[in-house]
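Worksheet for the structure shown next.
Here, each number is a calculation from the coordinates, and none is a lab measurement. Values in this document were obtained by computation on a predicted structure and should not be read as measured data. Backbone-built Cβ (ideal geometry, glycine too); neighbour counts: all protein chains shown.
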Amino acid sequence: MSMIPLSDSTWESQSWQTLLSNTITDVNQLAELLQLDITQLKALLPSETESFHLKVPMPYLKRIKLGDIHDPLLKQILPLAVEYQDSPGFTLDPLNENAANKLPGIIHKYANRILLTLTGTCAIHCRYCFRRHFPYDSNQISNQKWETIVNYLKNQPQVNEIILSGGDPLILNDKYLTKLLQNIALLPQIKRLRIHSRLPVVIPQRITDRFVQLLAESSFKSILVLHINHPNEIDAQLRQRLAKLHDQKILVLNQTVLLKNVNDHPETLANLSEALFVNHVMPYYLHLLDKVKGAAHFAIDEDTARKLYGELLSLLPGYLVPKLVSEAPNLTSKYPISAKFD
Ligand code: SF4
């Protein structure tokens, strides 16, 4: 594509599909757009090429400070050579999702909810993603007949919630989602639909009027769980779309991953909670990093996290404090981590 400079706002009026098909995947382009020293940048990059390559859309790039190699948003998307160093305890499938992968596209880990992996594609490649090695090729429900899910649920009458995850489920267009929600509406046991997505954060244009309407009109309760890690990820474009969701009374929650050198300061997390609340989003979870191979440089040990959480509690009213949690293979829920006070 011909590269539009970040300062040119032309791309802001593009559709989410156009923005999605024009993500930046080339490090030279990245350096040019962000005015980074290409020699300095290349010294940090891996020599190997892999499928989980650099991928970042323009609206997200726009929020990165020009010329700043240490920008907390840049750190989340920049592939590094250090990802290829062996780190004990960091594995390909840190949560043993393989064991909960009951059928292609269905992960059934917790008793009353199932998770559907609708697609393996994302708008952005987050370097810390715990599913960065997930075998999406053999795990996409969109390739399956809907009857597979219906039949599975018949034998699981306790399931009352469906979670759409991925990859990023909002990669699927509104027409596809309309049909999917119509199918879900035919399942009387399902009371709630939860959509986990980072796409509206990195391409706010994804919050189309049709999508908002779709959630507002569903016969079951729909919850959108966003994934925002840093207050700088919330810009005017996103604020505008969040207001539309609020106008239609859609419940929007946020989850954050605690990441070294990105958001591991109580003030940063407090600012994030404040910014979320102003924009009608409730802080939900603050996750300890899942120990996925390639992400060890983002890890914060539990003791440090507990102290940081203690400080965060002192900065916010209780309703703005996300729950600090971790996940472990084969447990029946996430487990809470308590704050530590000096
Ligand atoms: S958008 Fe979500 S699923 Fe996709 S790479 Fe980022 S964290 Fe992983």
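Details
- For the chain, size of Cβ-based charge dipole, Lys and Arg +1, Asp and Glu -1, in debye: 1240 debye
- Checking the cross-link pairs LYS175/LYS249; LYS293/LYS334; LYS55/LYS291; LYS175/LYS293; LYS109/LYS145; LYS62/LYS249 against a 24 Å limit on the alpha carbon distance flags LYS175/LYS293; LYS62/LYS249 as lying beyond it.
- Stretch gain in nm, segment ILE300-LEU315, where the contour uses 0.36 nm per residue and the Cα spacing is subtracted: 3.4 nm
- Percent of beta bridges antiparallel (DSSP, the chain, rounded to nearest 5): 20 percent
- The helix-only estimate of mean residue ellipticity at 222 nm for the chain, built from DSSP H runs of length n ≥ 4 each weighted as -39500 (n - 2.57), is -8500 deg cm²/dmol after division by the residue total.
- Largest GNM mean-square fluctuation across TYR84, TYR285, TYR136, computed for the chain with C-alpha springs under 10 Å, falls on TYR84.
- Cα-centred dipole magnitude for the range 9-84, charges only on beta-carbon of K, R (+1) and D, E (-1), debye, nearest 20: 200 debye
- Gap separating the Cα centres of the range 168-225 and the range 98-167, nearest whole Å: 15 Å
- Here the chain yields Rg over Rh of 0.94, to two decimals, using C-alpha coordinates and the Kirkwood radius.
- Think of the chain as having a plus end and a minus end, set by charges on the Cβ of Lys, Arg, Asp and Glu; of LEU180, GLN14, GLY105, LEU180 sits farthest toward the positive end of this dipole.
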